[in-house]
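Everything on this sheet refers to the single structure shown next.
The values are calculated or read from the model by the stated rules, or taken from the named source; none is laboratory data. All values reported here derive from a predicted model rather than from experimental measurement. Quick reminder, even Gly has a Cβ in these numbers, built from the backbone with ideal geometry, and neighbours come from all protein chains shown. Please note that ligands, DNA and RNA were not included when accessible areas were found on the heavy atoms of the full protein model with its side chains. Shrake-Rupley method; radii C 1.70, N 1.55, O 1.52, S 1.80 Å.
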Amino acid sequence: VVTFYGSSLLDASVPAGQELSIKGASRPGLVTKNGLVIFGNDGKMVLVRNLQFEDGKMIPASKYFSADEKTTLELTEEEKKMAEDIRAIWKGILSNVAAIEDSTDFFKSGASSMHVVRMLEEIKQKYSGLQLQNEDVYMATKFADFIQMTVRKFRGEDKEEELVVDYVSKNVNNMTVNMPYQCFINGQFINADDGKTYDTINPADGSVIASVSSASLADVDKAVAAAKEAFENGEWGRMNARERGRLMYRLADLMEEHQEELATIESIDSGAVYTLALKTHVGMSVQTFRYFAGWCDKIQGSTIPINQARPNHNLTFTRKEPIGVCAIVIPWNYPLMMLAWKSAACLAAGNTLVLKPAQVTPLTSLKFAELSARAGFPKGVINILPGSGGLVGQHLSEHPDVRKVGFTGSTPTGKQIMKSAATNLKKVSLELGGKSPLIIFSDCELDRAVKMGMGAVYFNKGENCIAAGRLFVEESIHDEFVKKVVEEIKKMKIGDPLDRSTDHGPQNHKAHLEKLLQYCETGVKEGATLVYGGRQVCRPGFFMEPTVFTDVEDHMYIAQEESFGPVMVISKFKNGDIDGVLRRANTTEYGLASGVFTKDISKALYISEKLEAGTVFINTYNKTDVAAPFGGFKQSGFGKDLGEEALHEYLRTKAITVEY
């Protein structure tokens, strides 16, 4: 007699495994790495996690064929002496037990967590090379099982498989960068199931950096199954919150150790200027993981007084729980930073994840996967699938085992994700498009407004979700403002993003450059004045001149739609017309960010109240911080990245009532 435990319907393609004949079944079962798959007469599949035999012994179903190999080890004389030493340690702790038998259970005999520490430290004193963790005791509570586990560790049999990484290596930026290029699933770098690849391109010169695995539907199913197993049955699901935080701190430290390599990869894959990649793309990613690592053991519920029918007494409290498997889909403008903004909160909350980087910028995500494995994250917790958004992203958003989708990207794609997520009513958070207004009043510090206004538009070559998509400049300073902007643009150095003196690098990819050029042509056709730029730079790669349009009227295409590039769109407003310019600024379906420049703090605060945007900058711009919530209104999406609020996007609240 064998009893099945932890069974669930498996709604996926038939996994690979070793056949197991089951009497009376329509076909043999399959012992897979995730458990035993059995087939019903209706063709549906059930995944069994654990098996219990008649003698009461329980094993993971995935270990069925290898279970006998780990029944009992024959101990050497040295190991027998070690076993007796450990028996004496147990006896010293369990003084109430007459004799330590093979069947003696450490905890049922009265031991506590403090005794676990004492026991392990005593063992380490005698056998300094033996590395045991608290978790090992909880997984082998009987003396005989503990000795078998200890001996295996002593022999090195239970060591984790060494991470195998195939790299594309390049000598660039005065260093050798090693870039993984395969899918990362269940702690391993593997080729796509169907073997397909695609080329990722360096936008600075159009050359191929690497051929990257292009994940298939089967790879999505594998990754989701691995994440689900890690969440439900793996070490991650049993790990305490502080240990989770410790892993995240370790990962942040590794990212910092590799920051120059990460920034170089980010630069050649996305076109980001190296100095910006180092400070912002990578630097803020490290900060984000450290910030959320600190939150891991501070996620708390509350106690709630409720009405009680006398003489009953009730206690109601809430628990904040992780959701489960989360799908994260990120854009190409800040590849590593967007990964960090979503993944750090997701992991801090205790979830597992499957992340799809943008197809054109997969390389820092895959390097991150390598660092996460080296930091000690258990298998299946983090999975990275490069490939097509229409294929991988779509399948993730509709997958029945995914319980949450976090997406940053375009509004049309966000709407499609919402529709797909409705299949099993996934929780969704969306950070979508923007057309952020920046209002500049005549009483501002003009030189500062020029500098900040240019940063609001041209930061990261305009590929910035909160970029100021439209500037409203008060009539009395309009001409001087435009003149100063053009003078400053002429000083900007456009060129190799790895050159430390470069101000402005290439656009992310060729199709985007072509879209920007078309955007500028539309602006000219509609009657806006092209003051500067609007053309591709005559050199290899996907470079575009910083561009300035004036005389932009509210009905024009460039007044309503974001360019997502280095295009400054300027409109005048009448002197003193505060409410008029507010109406114009809010006449958009987007509401991601906004800004105002004025010395009048009362005016600034009034405008900040009236602007319909998730973020308002006053006399500054692009000032984001890991502790401040970030997200939009209207068709710029909903939900928050960063800050405490981001955690709640990856948690669910359970209310528990006890009568006593």
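Can you find even one residue in region 35-52 that is on the phi > 0 side of the Ramachandran plot, at pLDDT 85 or above and either in a strand (DSSP E or B) or touching a His at 6+ places or on another chain (Cβ under 9 Å) (or both)? Checked region 35-52: at least one residue is on the phi > 0 side of the Ramachandran plot, at pLDDT 85 or above and either in a strand (DSSP E or B) or touching a His at 6+ places or on another chain (Cβ under 9 Å) (or both). Among residues of region 213-229 that are in the same structural domain as Gln188 (by the TED database), those with a beta-carbon under 7 Å from a residue that is open to solvent by less than 10 Å² (accessible area, probe 1.4 Å) and part of a helix (DSSP H, G or I) at least six positions away or on a different chain give the pairs Ala215/Val392; Val220/Val392; Val220/Leu396. Taking residues in region 401-426 that are surrounded by 21 or more Cβ atoms within 10 Å (Cβ to Cβ), and partners anywhere that are acidic (Asp, Glu), the pairs with Cβ atoms closer than 7 Å and at least 6 places apart or on different chains are Gly406/Glu649; Thr408/Glu431. Exactly one residue out of Asn178, Asn202, Asn171 is surrounded by fewer than 21 Cβ atoms within 10 Å (Cβ to Cβ) and in contact with an Asp or Glu (Cβ under 8 Å, 6 or more places away or on another chain), and it is Asn178. The sole residue among Lys634, Lys603, Lys654 that is touching a residue at least 60 places away in the same chain (Cβ under 8 Å) and surrounded by 14 or more Cβ atoms within 10 Å (Cβ to Cβ) is Lys603. I'd like the full set of residues that are closer than 27 Å to Leu217 by Cβ, modelled with pLDDT under 85 and open to solvent by less than 100 Å² (accessible area, probe 1.4 Å), limited to region 8-24. Hits for region 8-24 are Ser8, Leu10, Ala12, Ser13, Val14, Pro15, Ala16. Pairing residues of region 180-199 that are at positive phi with residues that are at pLDDT 95 or above and part of a strand (DSSP E or B), at Cβ distances under 8 Å and at least 6 apart in sequence or on separate chains, gives Asn186/Asn383. Among the residues of region 33-54, the ones that are open to solvent by 30 Å² or more (accessible area, probe 1.4 Å), more than 11 Å from Leu10 (Cα to Cα) and either touching a residue at least 24 places away in the same chain (Cβ under 8 Å) or under 30 Å from the mean Cα position of the chain (by Cα) (or both) come to 5 in all.
When each of Gly527, Gly534 is tested for being under 28 Å from Leu582 (Cβ atoms) and in the same structural domain as Lys574 (by the TED database), the lone residue that passes is Gly527.
Scanning region 473-494 for residues that are touching a Leu at 6+ places or on another chain (Cβ under 8 Å), over 13 Å from Tyr532 (Cβ atoms) and open to solvent by less than 80 Å² (accessible area, probe 1.4 Å) yields Ile477, Phe481. A search for C-beta distances below 6 Å between a residue of region 295-313 that is in contact (Cβ under 8 Å) with a residue 40 or more places away in the chain and any residue that is open to solvent by 60 Å² or more (accessible area, probe 1.4 Å) and assigned to a helix (DSSP H, G or I), counting only pairs 6+ apart in sequence or on different chains, returns Asp297/Arg242. From the list Phe154, Phe184, Phe146, the one residue that fits, being open to solvent by less than 50 Å² (accessible area, probe 1.4 Å) and more than 30 Å from Ala272 (Cβ to Cβ), is Phe146. Going by the structure shown, is Glu101 farther than 25 Å from Glu229 by Cβ, loosely packed, with under 13 Cβ neighbours inside 10 Å, of a type in the set (Asp, Glu) and in contact with a helix residue (DSSP H, G or I) (Cβ under 8 Å, 6 or more places away or on another chain)? So Glu101 passes the test.
With the requirement that a residue be of a type outside the set (Lys, Arg) and open to solvent by 10 Å² or more (accessible area, probe 1.4 Å), what does region 438-449 give you? Selection gives Ser442, Asp443, Cys444, Glu445, Leu446, Asp447. Scanning region 528-542 for residues that are surrounded by fewer than 22 Cβ atoms within 10 Å (Cβ to Cβ) and in a loop (DSSP other than H, G, I, E, B) returns Gly533, Gly534, Arg535, Val537, Cys538, Arg539, Pro540.
Counting only helices (runs of 4 or more DSSP H) that fall entirely inside region 550-660 and contain at least 2 residues that are assigned by the TED database to the domain that holds Asp443 and over 30 Å from Leu353 (Cβ atoms), the qualifying elements are 557-560, 578-586, 601-610.
Please tell me if Phe377 is under 24 Å from Met337 (Cβ atoms) and surrounded by 24 or more Cβ atoms within 10 Å (Cβ to Cβ). In short, no. Screening Asn508 with (1) touching a residue at least 60 places away in the same chain (Cβ under 8 Å); (2) open to solvent by less than 70 Å² (accessible area, probe 1.4 Å); (3) polar (S, T, N, Q); (4) assigned to a helix (DSSP H, G or I) gives one miss only, at (4). What are the residues in region 549-581 that are at positive phi and buried (at least 17 other Cβ atoms within 10 Å of the Cβ), if any? Within region 549-581, Phe564 is the sole residue that qualifies. Inspection of region 437-458 identifies at least one residue that is over 20 Å from the mean Cα position of the chain (by Cα) and within 17 Å of Phe630 (Cβ to Cβ). Listed by position, the helices (runs of 4 or more DSSP H) contained in region 73-147 that have at least 3 residues being without any contact (Cβ under 8 Å) to a residue 24 or more places away in the chain and within 22 Å of Pro60 (Cβ to Cβ) are 134-139. In this entry, Gln308 passes the filter for residues that are in contact with a strand residue (DSSP E or B) (Cβ under 6 Å, 6 or more places away or on another chain) and not assigned by the TED database to the domain that holds His509.
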